[in-house]
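Accompanying notes for the structure given below.
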Amino acid sequence: MGFAAAIRSCLAKYADFRGRACRAEYWWFTLFDFLIGSAAAVIDANADQTLLAPLLNLALLLPGLAVAARRLHDVGRSGWWLLLGLIPLIGWLVLLIWTIRRGDSTPNRYGDSPLPA
């Protein structure tokens, strides 16, 4: 899955916490979120305002959580494990390891593999 396809997929599944997401979909959307957030912060800083970046972050929060939950589903974990991110350092490290891991190649309780056979 390429960059544009991943963004379209995540925005089309804006608040869909069901199913699975491959590594590419998750990481491309994470990169998109970072780039858009950084660009908005630069625009806000140059305009001496703080409106655009918070609005964009709020708009991308739900699809970001949804794709993260679907990514955890791909490795056989519940989306509720995202709450580990509230634990500084250790929680983030565990989530990072799980999002880097290869997903289950066979169907699991969250659905079929998101990768083509």
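The values are calculated or read from the model by the stated rules, or taken from the named source; none is laboratory data. What you see is a predicted model; the values in this text were computed from it and never measured. Cβ coordinates were reconstructed from backbone atoms using ideal geometry, including for glycine residues, and neighbour counts include every protein chain displayed.
Observations
- Filter pass, Asn108 being modelled with pLDDT under 95, over 14 Å from Gly19 (Cα atoms) and among the polar types (S, T, N, Q): no
- Leu93 being more than 14 Å from the chain's Cα centre (by Cα) and assigned to a helix (DSSP H, G or I): yes
- Qualifying residue in region 96-103 (condition: within 11 Å of the chain's Cα centre (by Cα) and within 26 Å of Leu115 (Cα to Cα)): yes
- Scanning region 41-82 for residues that are of a type in the set (Gly, Ala, Ser), assigned to a loop (DSSP other than H, G, I, E, B) and within 24 Å of Gly111 (Cβ to Cβ) yields a total of 2.
- Comparison of Val67, Val94 shows that the only residue that is within 16 Å of Phe29 (Cα to Cα) and either of a type outside the set (S, T, N, Q) or touching a Leu at 6+ places or on another chain (Cβ under 8 Å) (or both) is Val67.
- Here region 11-40 is the region considered, the condition is being assigned to a helix (DSSP H, G or I) and touching a residue at least 40 places away in the same chain (Cβ under 8 Å), and the residue that is nearest to Arg101 (Cα to Cα) is Arg23.
- Failed item in (1) under 20 Å from Met1 (Cα atoms); (2) of a type outside the set (S, T, N, Q); (3) exposed (fewer than 15 other Cβ atoms within 10 Å of the Cβ), with Leu62 passing the rest: (1)
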